[in-house]
Amino acid sequence: GIQVEQSPPDLILQEGANSTLRCNFSDSVNNLQWFHQNPWGQLINLFYIPSGTKQNGRLSATTVATERYSLLYISSSQTTDSGVYFCAVDRSGSRLTFGEGTQLTVNP
Amino acid sequence: EPEVTQTPSHQVTQMGQEVILRCVPISNHLYFYWYRQILGQKVEFLVSFYNNEISEKSEIFDDQFSVERPDGSNFTLKIRSTKLEDSAMYFCASSVNAAEAFFGQGTRLTVV
């Protein structure tokens, strides 16, 4: 099956710093999503981005499908950004394959 | 904003008991999914469901698991004889067109 690798596994920032999270995948995909898992375990949709670039406030994402990677940018980080960020991909519309996630800690 | 709703939020059950996890997908969605996340691990696919039948299932989804859409709004996951290793967060998700999936808040299942 398709492999999804996320880096870095852990990231510690001071409030106000910027960061870039990376997701590499091993095969062509039709769907790619970024999620934020908050401390209560909820999976929050951030972006549906099988290709191209999107922005939502302080967050933006870029997927380069031909090179099989996606990047999530977080600018001016806040303590509420803490949690685990997951990338998930799908080839056929029937199952998402998740990466291991990036654990982000933003300190005040 | 429409959302996927799961009940209960937390369930504790004795090993060997049957549990039913319930989900109300977003109303105009046609594709339904169950995923699980063992504590500290990544989210894993269990099963997808479309047009009242299973469209794909993972190797985790063995004979102890079943899914059902008993009416026009609910989607359930039944675990027949729970084991300690079934303890996990179970997520329901739905999609209108098998593209972007929206997840519920999860049910934390603890088997004791």
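Where a number appears in this text, it was derived from the coordinates with a stated rule and is not lab data. Every value quoted in this text rests on a predicted model; they were computed, and no experiment measured them. Cβ sites come from the backbone with ideal geometry, for glycine too, and all protein chains shown count toward neighbours.
What percent does the relative contact order of chain B come to when contacts are Cα pairs within less than 8 Å and at least six residues apart?
39
Counting alpha carbon pairs within less than 8 Å and at least 6 residues apart, what relative contact order, in whole percent, applies to chain A?
Taking the mean separation of contacting Cα pairs over the length of chain A, I get 38 percent.
How many Cβ atoms of partner chains, on average, are near each residue of B:100-107 if near means within 10 Å of its Cβ?
6
Which ordering of A:89, B:67 is given by a fewest-first count of other beta-carbon atoms within 10 Å?
By the 10 Å Cβ count, ascending: B:67, A:89.
Each residue of the stretch A:48-57 in order: what ³J(HN,Hα) in whole Hz does its phi give by Karplus 6.51 cos²θ - 1.76 cosθ + 1.60, θ = phi - 60°, with x for Gly and Pro?
3J(HN,Hα) across the stretch A:48-57, in whole Hz: 9, 8, x, 6, x, 10, 9, 9, 9, x.
Can you tell me the equivalent ellipsoid semi-axes for chain A? Use √(5λ) from the Cα gyration tensor, largest first, whole Å.
After diagonalising the Cα gyration tensor, the semi-axes are 23, 14, 12 Å.
Measure out, as a whole number of angstrom, how far apart the alpha-carbon centroids of the stretch A:1-38 and the stretch B:14-30 sit.
Cα centroid to Cα centroid, the span is 29 Å.
Rank the residues B:15, B:89 as a footprinting-exposure proxy: fewest other Cβ atoms within 10 Å of their Cβ go first.
Ranked by crowding around the Cβ, least crowded first: B:15, B:89.
How many lysine pairs are close in the protein assembly as shown, with Cα atoms under 21 Å apart and the two 8 or more places apart or on different chains?
Number of lysine pairs found: 4.
Measure off 7 Å from each Cα along the Cα-to-Cβ vector at residue B:78 and residue A:65, then give the distance between these two points in nanometres to one decimal.
Each label point is offset 7 Å from its Cα along the Cβ direction, giving 4.0 nm.
What are the extents of the Cα atoms of the protein assembly as shown along their three principal axes, in Å, largest first?
48, 35, 33 Å, listed from the longest principal axis down.
Tabulate in residue order the Karplus-calculated ³J(HN,Hα) for the stretch B:56-70, using 6.51 cos²θ - 1.76 cosθ + 1.60 with θ = phi - 60°, rounded to whole Hz; enter x for Gly and Pro.
Taking θ as phi minus 60°, the curve returns 7, 9, 8, 5, 5, 7, 9, 5, 7, 9, 8, 10, 7, 10, x Hz for the stretch B:56-70.
Would you please classify the overall shape of the stretch A:59-100 from the alpha carbon gyration tensor, given that a ≥ b ≥ c denote the square roots of the eigenvalues, rounded means a/c under 1.5, and beyond that prolate means a/b larger than b/c while oblate covers the rest?
Judged from the Cα gyration tensor, the stretch A:59-100 comes out oblate (a/c at least 1.5, b/c at or above a/b).
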